[in-house]
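See structure below.
The values are calculated or read from the model by the stated rules, or taken from the named source; none is laboratory data. Just so it is clear, the structure is predicted and the values come from calculations on it, not from any experiment. Cβ atoms come from the backbone with ideal geometry, glycine included; neighbour counts cover every protein chain shown.
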Amino acid sequence: MRYATIGTSWITGSFIEGAIIAGNMQLGAVYSRNEKNGKEFSEKFGCVPVYTDLLKLAECPSIDAVYIASPNVFHYEQSKLFLLHGKHVICEKPATVTSAQLIELITLAKQKGLVYIEAIMMRYLPARTLLHKAIGQIGDITTARFDFSQLSSKFSELSAGRLPNIFNPAMSTGCLMDLGIYCVYAAIDLFGRPDSIAARAGFLKCGADGYGSAIFDYPDKQLTLTYSKIGQSVRGSEIMGTKGTITIDSVSKLTGITLIRNIDNIEESRLLIGDIPKPQLMSHEAAAFFRFAQNPRGFADEIDEEGRITLAVCETMEDMRRRCGIRFADDIK
Ligand SMILES: NC(=O)c1ccc[n+]([C@@H]2O[C@H](COP(=O)([O-])OP(=O)(O)OC[C@H]3O[C@@H](n4cnc5c(N)ncnc54)[C@H](OP(=O)(O)O)[C@@H]3O)[C@@H](O)[C@H]2O)c1
């Protein structure tokens, strides 16, 4: 399968390296708004052709698929363009801003017999299966807290008076869309949709949410979600049950997972998964994307399940944004 990329930042490089590890996928072209940028990027990955015209890339007959890693606000239009031109699409998280956009694209992909999935690492990691199994070993779970607080590498730029994309609400981004999404994804993937939600956000001068928190209520449990782009957590996440606890260092990568079981008042601790380099983590989503694209009908159940959870997360984040007062241009349309 020959694929193209949109976006020339480090995350696209990690995906390309992940796709090399996964095998079967050849980078066929890169897109950049800027020829020089595109060439510099392409040189790192085999000097593939550079496109500066997105329509021409979408029309290119030798490309079967695209990986999209542009700012969030462009995901919907770019995904739609490539689906309409018969290309499979894997798009960075969040796949779309609104659930209406997501439903439209999922429907379009189905009609055209194409694959359209969100590039959210945790979905395809072997660690996800381990975590689901571990949850069955800690008794009744009443409490969990998911945290993703990481001081942004762009914070100094923001402090110096510039406006990096990641803090620019016009790019449909901010802390919930960038980091909070992983906490929401973990909560919904492990425990389903909550019965009710409370959510608050802290806003920066630029208008973006810089940090926030939420409570997800279920009939038998309560989850707390915290996320920040202007503070660094060192404790990670925790799931607490009557017979033990699971700690998770990174909720986005599902790494540093420890199962601590309390058996007859004796604590037994086992590291289930350590740290894993980013390209290795991304190789799993690349491998799944390739597998699905080879036989979309054969994998229809898995693709549908992926679409259902992506939609549940998207709808939940829409709800959270309403409660927090985070409003993007696409929310108002
Ligand atoms: N899965 C992960 O771990 C992970 C990590 C980081 C980011 N992401 C996701 O990846 C996406 C990109 O994030 P990022 O931090 O890499 O964004 P970014 O650096 O702001 O932009 C990514 C690329 O988009 C293009 N671009 C930048 N500004 C643009 C604009 N105003 N209009 C059109 N194109 C523009 C640039 O490529 P050219 O200049 O070459 O056109 C740039 O390299 C986001 O959706 C984010 O959530 C995921």
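Residues checked against (1) in contact (Cβ under 8 Å) with a residue 24 or more places away in the chain; (2) touching a helix residue (DSSP H, G or I) at 6+ places or on another chain (Cβ under 6 Å); (3) of a type outside the set (G, A, S):
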| residue | (1), (2), (3) |
| --- | --- |
| L254 | yes, yes, yes |
| T258 | no, no, yes |
| S269 | no, no, no |
| A286 | yes, yes, no |
| A300 | no, no, no |
| C314 | yes, yes, yes |
| F328 | yes, no, yes |
| D331 | yes, no, yes |
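Of the residues making up the range 240-267, those that are in a loop (DSSP other than H, G, I, E, B) and of a type in the set (V, I, T) are T242, V251.
Within 20 Å of L131 (Cβ to Cβ) and under 21 Å from the mean Cα position of the chain (by Cα): does that describe S269?
no
State yes or no: is M177 modelled with pLDDT under 95 and crowded, with 22+ Cβ neighbours inside 10 Å? No. Screening the candidates E77, E118 for the property of being more than 22 Å from S233 (Cα to Cα), acidic (D, E), within 16 Å of the ligand (Cβ to nearest atom) and surrounded by fewer than 22 Cβ atoms within 10 Å (Cβ to Cβ) yields one hit, E77. Being more than 16 Å from the ligand (Cβ to nearest atom) and among the charged types (D, E, K, R) is the filter here; which residues of the range 238-288 pass it? Correct list: E238, K243, R261, D264, E267, E268, R270.
Any residue at all in the range 5-18 that is of a type in the set (G, A, S) and surrounded by fewer than 18 Cβ atoms within 10 Å (Cβ to Cβ)? Yes. Within the range 195-223, if we keep just the residues that are among the aliphatic types (A, V, I, L, M) and part of a strand (DSSP E or B), the residue that is nearest to S156 (Cα to Cα) turns out to be A201. All of (1) within 19 Å of F74 (Cβ to Cβ); (2) near the ligand (Cβ under 10 Å from one of its atoms) hold for E59 with one exception: (2).
F146 passes every criterion in (1) outside the structural domain of K229 (by TED's automatic domain parsing); (2) away from the ligand (no atom under 13 Å from the Cβ) apart from (1). For the range 153-163, the count of residues that are buried (at least 22 other Cβ atoms within 10 Å of the Cβ) and not in a helix (DSSP H, G or I) is zero. Filtering the range 192-229 to residues that are basic (K, R) and in contact with a Gly (Cβ under 9 Å, 6 or more places away or on another chain) leaves R200, K229. Please go through the range 268-298 and give me each residue that is assigned to a loop (DSSP other than H, G, I, E, B) and either surrounded by fewer than 17 Cβ atoms within 10 Å (Cβ to Cβ) or in contact with a His (Cβ under 6 Å, 6 or more places away or on another chain) (or both), ordered by number. Listed by number, the residues that qualify are G274, D275, P277, N295, R297, G298. Within the range 40-58, being farther than 27 Å from K333 by Cβ and not small (G, A, S) holds for E40, F41, E43, K44, F45, C47, V48, P49, V50, Y51, T52, K56.
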